[in-house]
1. Please go through the range 230-243 and pick out each residue that is surrounded by fewer than 18 Cβ atoms within 10 Å (Cβ to Cβ) and on the phi < 0 side of the Ramachandran plot.
2. Working only within the range 141-162, note down all residues that are over 20 Å from Arg180 (Cα atoms) and assigned to a helix (DSSP H, G or I).
3. Considering only the range 182-219, state which residues are assigned to a loop (DSSP other than H, G, I, E, B) and either open to solvent by less than 10 Å² (accessible area, probe 1.4 Å) or under 20 Å from Glu162 (Cβ atoms) (or both).
4. Residues to consider are Ala85, Ala141, Ala130; find the one that is under 18 Å from Asp187 (Cα atoms) and either surrounded by fewer than 24 Cβ atoms within 10 Å (Cβ to Cβ) or among the aromatic types (Phe, Trp, Tyr) (or both).
5. Taking only the range 165-181 into account, find how many residues are closer than 18 Å to His212 by Cα and open to solvent by 10 Å² or more (accessible area, probe 1.4 Å).
6. Name the single residue, out of those in the range 244-256 being within 15 Å of the ligand (Cβ to nearest atom) and not in a loop (DSSP other than H, G, I, E, B), that is most open to solvent (accessible area, probe 1.4 Å).
7. Keeping to the range 49-73, report how many residues are out of contact with any helix residue (DSSP H, G or I) (no Cβ under 6 Å at 6 or more places or on another chain) and of a type outside the set (A, V, I, L, M).
8. Which one is farthest from the ligand (Cβ to nearest atom), of the residues in the range 218-239 that are of a type in the set (Val, Ile, Thr) and under 13 Å from Ala262 (Cα atoms)?
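The values are calculated or read from the model by the stated rules, or taken from the named source; none is laboratory data. Keep in mind it's a predicted model, so treat the numbers as computed, not measured. Positions of Cβ are backbone-derived with ideal geometry, glycine not excepted, and every protein chain shown enters the neighbour counts. What goes into the accessible areas is simple: the full protein's heavy atoms, side chains included, and nothing from ligands, DNA or RNA. Shrake-Rupley method; radii C 1.70, N 1.55, O 1.52, S 1.80 Å.
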Amino acid sequence: MQDVAVRRPRTPVGLEGLPRPGRCLVMGILNVTPDSFSDAGLYADTRCAIDRGLGLAAQGADIVDVGGESTRPGAHPVGLDEELARTLPVVRELARAGVCTSIDTMHAPVARAAVEAGARLVNDVSGGLADPAMASTVAAAGVPYIAMHWRAPSREMDDHAEYGDVVADVVTELGRALWRLAEGGVDLARVAIDPGIGFSKRPEHDWTLLAHLGSLRRLGYPVLVGASRKRFIGAALAAGGAGEVPPAGRDVASAAVSALAAVGGAFCVRVHDVRAGLDAVRMAAAYGAHLDREP
Ligand code: PMM
């Protein structure tokens, strides 16, 4: 396999076509699904979803990420027609309102239609592995693309959480995915990568990846972190106590993790609570500005 890092021509400060506020970007999550793990059914109705997306933008989200298929562990696929019906009207309205909108999909036809409807970014949790047509679709669309580390469909992802060295394995597997994308015609200068927190990972894997974002950044791509409300946060909050803290009780801790990710060099964090996420990355930026200064 060729070294994909040398093929990316620009420094990983951000992605062309996306906002550049001079700090880590905040991507607000908008799941138009009845069964996502933390906000199931809240925005399944098109009007509610559009209002929520506009609200996320008003709170300061740099990007609003619209998804129509749950990727929680054990989730089943929904079918293209359903995914299109859930996402397209929402993407179209948000784009029309001037919101920078991304489409969270593993399916090339949904990505294509969403870009035609105004999406400016394709966010693919499978990094191009779920649909062989994704690479050529993204190449033709000419939009930025998030390639997440992924091993298996949602219904079986927890059966694939074995690693020798989780950081090295994720870097290698992402490198392979990038190579396939490049072969499919994708301009790697428009690609960001994502360690895939919670996807075929156990909490110890998630923490290790979060603590070693530098190893991912050395691949030469901007790194997005999607940790918000995930299981490893619920488990850490409950450490020493019984069970896990449920998703709705994880927002303050999620903001803390966003700050850690931003300090670790993430170019974007994907969050449910945009206000808290924005405060977190602002604090990280202020802290980062003083890191190398003499006291
Ligand atoms: N996680 C989820 C969905 N989409 N996209 C990226 N790039 N990274 C992620 O970690 C990610 C994602 C699942 O979480 P949700 O159900 O809260 O949306």
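1. Residues satisfying the conditions are Ala235, Ala236, Leu237, Ala238, Ala239, Gly241, Ala242.
2. Passing the criteria: Ser154, Arg155, Glu156, Met157, Asp158, Asp159, His160.
3. Pro195, Gly196, Ile197, Gly198, Phe199, Ser200, Lys201, Arg202, His212
4. Unique residue meeting the criteria: Ala141.
5. Result for the range 165-181: 8.
6. Checking each candidate, the answer is Ala248.
7. Selection size over the range 49-73: 8.
8. Here the answer is Val223.
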